[in-house]
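Report on one structure; see the data block that follows.
The values are calculated or read from the model by the stated rules, or taken from the named source; none is laboratory data. Worth saying up front: this structure is predicted, and the values here are computed from it rather than measured. For neighbour counting, all protein chains shown are included, and Cβ atoms are generated from backbone atoms with ideal geometry for every residue, glycine included.
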Amino acid sequence: MSKFRLAFPAILLLSLAGAALAQTDSTLAATPPMGWNSWNHFAGRVDDADVRAAADYMVSSGMKAAGYEYVNIDDTWEGQRDAQGFIHSNSKFPDMKALADYVHSRGLKLGIYSSPGPKTCAGYEGSYGHEQQDAETYAKWGIDYLKYDLCSFIPAVMEKEAPHDKAKQYQLMQAAYTKMHNALVATGRPIVFSLCQYGWDDVWKWGASVGGNLWRTTGDINDTYARMADIGFNQLGLAQYAGPGHWNDPDMLEVGNGGMSFDEYKTHMSLWAILAAPLLAGNDLSKMTPETLSILTNRDVIAVDQDPLGKEGSRAFAVGMTEIWTKPLSDGALAAGLFNRDTEPHPITLNLSDVGFQANATLRDLWTHQDVTATNGSYTVTVPPHGVVMLRISQ
């Protein structure tokens with residue numbers, strides 16, 4: 001979450017003079033992280049009981065078995081610092097170590113949130129000037145994932161120390177992320193590092209060099225088709241920067257929060273899978289409908305996202321309001337999403353030769369879980385408004 005939704009103009013990659021850069025460890029987040037984050041549904045209301053319940057429902061619903069692993073607390077957990085400068089959680093989270101132990105006992109991992117600035121987006125205590133202390137505290141608690149949200153670092157450091165100098169501001173931003181990455185590494189605990197700085201300065205070009213395992217490529221998502229589609233379909237050109245241990249992050253999933261239709265949520269899930277995006281559910285897991293659960297736990301679609309080849313997909317064709325996106329898979333197969341962005345149904349035709357397959361290729365519909373048949377080397381299907389047909393193609 002952020003209060004800064006308008007991206008700065010992108011500039012060329014800048015070196016960090018004097019900054020020690022540690023490359024991303026590809027053994028962490030070898031596939032895009034999967035889990036749950038508290039912000040989209042609970043926002044500042046989240047507390048210890050909510051997080052424990054999320055962990056319980058992640059197990060009982062079958063989400064854990066489908067691959068979901070992280071239970072991530074977003075903003076508003078932070079309390080005050082003690083006389084030595086160490087952060088403590090507030091009254092909503094009376095014992096963070098005990099909470100981590102509980103989440104771990106469920107076979108899951110716990111994530112937390114902070115900012116390189118003096119305050120978080122919601123005005124709670126940030127990590128500025130206490131990076132090593134906070135990293136040590138997270139490790140002591142048993143934290144497995146850190147979302148690091150730029151927020152107050154912008155006015156407090158970037159704009160204050162380098163007014164009217166975007167190049168210097170971006171150097172300061174990169175140095176701040178490097179500093180926390182190095183602090184996390186120094187603890188000896190493997191902690192996934194999620195950069196949240198809204199895609200500024202073409203973060204995909206340098207995110208791995210400052211230790212990021214994933215980095216936000218956009219401003220915040222919300223639970224509308226228009227915003228989801230604007231984010232998802234505008235990820236063109238970023239595929240080359242993603243791979244095992246370092247992923248483009250178009251923000252969390254809104255599936256099940258009520259603002260989109262069933263077909264629109266399937267589009268959301270399908271597009272994120274083709275983009276090899278982190279799959280971080282943002283709904284109330286205790287109130288999932290069977291339809292929501294069927295989307296979030298579709299193992300065929302999840303397998304596309306989690307494919308070990310680690311290739312992000314991209315758009316192959318676009319005609320009017322219809323688009324075909326494809327993603328190469330590790331066994332030589334191909335995932336294809338046939339997307340209808342219009343408010344009326346449209347037929348979409350996939351010519352197998354256009355995506356490198358012969359006329360006798362095998363096609364499987366990943367939402368109906370049925371094999372379908374191409375005719376004369378092409379497959380035509382009518383796709384509902386704002387809907388998708390997702391295929392796995394193999395020879």
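Assorted remarks:
- Spans of strands (runs of 3 or more DSSP E) in segment 349-395 with at least 3 residues over 31 Å from the mean Cα position of the chain (by Cα): 378-383
- The residue pairs whose first member lies in segment 89-100 and is more than 16 Å from Tyr124 (Cα to Cα) and of a type in the set (A, V, I, L, M, F, W, C), whose second member is surrounded by 14 or more Cβ atoms within 10 Å (Cβ to Cβ) and modelled with pLDDT of 95 or more, and whose beta carbons are closer than 6 Å, counting only pairs six or more residues apart or on different chains, are Met96/Ser89; Met96/Trp141; Leu99/Asp48; Ala100/Leu110; Ala100/Trp141; Ala100/Gly142.
- Filter pass, Gln235 being under 27 Å from Glu323 (Cβ atoms), buried (at least 19 other Cβ atoms within 10 Å of the Cβ), of a type in the set (S, T, N, Q) and assigned by TED's automatic domain parsing to the domain that holds Lys140: yes
- Of all the numbered requirements in (1) surrounded by fewer than 20 Cβ atoms within 10 Å (Cβ to Cβ); (2) of a type outside the set (D, E, K, R); (3) without any contact (Cβ under 8 Å) to a residue 40 or more places away in the chain, Pro384 misses one, and that requirement is (3).
- Residue match in segment 190-201 (condition: modelled with pLDDT of 95 or more and part of a helix (DSSP H, G or I)): no
- Selection over segment 96-124 of residues that are farther than 18 Å from Ala43 by Cβ and assigned to a loop (DSSP other than H, G, I, E, B) gives a count of 6.
- Ala83 surrounded by 14 or more Cβ atoms within 10 Å (Cβ to Cβ), of a type outside the set (Ser, Thr, Tyr) and either in contact with a helix residue (DSSP H, G or I) (Cβ under 9 Å, 6 or more places away or on another chain) or at negative phi (or both): no
- Some residue of segment 348-358 being touching a strand residue (DSSP E or B) at 6+ places or on another chain (Cβ under 9 Å) and within 22 Å of His268 (Cβ to Cβ): yes
- Of all the residues in segment 140-175, those that are farther than 21 Å from Asn72 by Cβ, part of a helix (DSSP H, G or I) and among the hydrophobic types (A, V, I, L, M, F, W, C) number 8.
- Filter result (at positive phi and touching a Phe, Trp or Tyr at 6+ places or on another chain (Cβ under 7 Å)) within segment 183-200: Tyr198
- When residues in segment 54-72 are screened for being touching a helix residue (DSSP H, G or I) at 6+ places or on another chain (Cβ under 6 Å) and over 18 Å from Asn298 (Cα atoms), 3 of them pass.
- Meets criteria (in a helix (DSSP H, G or I), touching a residue at least 12 places away in the same chain (Cβ under 8 Å) and charged (D, E, K, R)) for Lys179: yes
- Hey, Asp300 modelled with pLDDT of 95 or more, outside any loop (DSSP other than H, G, I, E, B) and over 13 Å from the mean Cα position of the chain (by Cα) or not: yes
- Index of the failed condition, Ser127 passing every other in (1) crowded, with 24+ Cβ neighbours inside 10 Å; (2) over 18 Å from the mean Cα position of the chain (by Cα); (3) assigned to a helix (DSSP H, G or I): (3)
- Condition met for Tyr138 (more than 30 Å from Ala303 (Cα to Cα) and touching a Leu at 6+ places or on another chain (Cβ under 9 Å)): yes
- Test: residue in segment 278-292 that is part of a loop (DSSP other than H, G, I, E, B), surrounded by fewer than 17 Cβ atoms within 10 Å (Cβ to Cβ) and touching a residue at least 40 places away in the same chain (Cβ under 8 Å): no
- Segment 132-143 residues that are in the same structural domain as Val185 (by TED's automatic domain parsing), paired with ones that are buried (at least 18 other Cβ atoms within 10 Å of the Cβ) and in a loop (DSSP other than H, G, I, E, B) (beta carbon under 8 Å, 6 or more apart): Asp134/Ser127; Ala135/Ile191; Tyr138/Ile191; Ala139/Ile191; Ile143/Ile191
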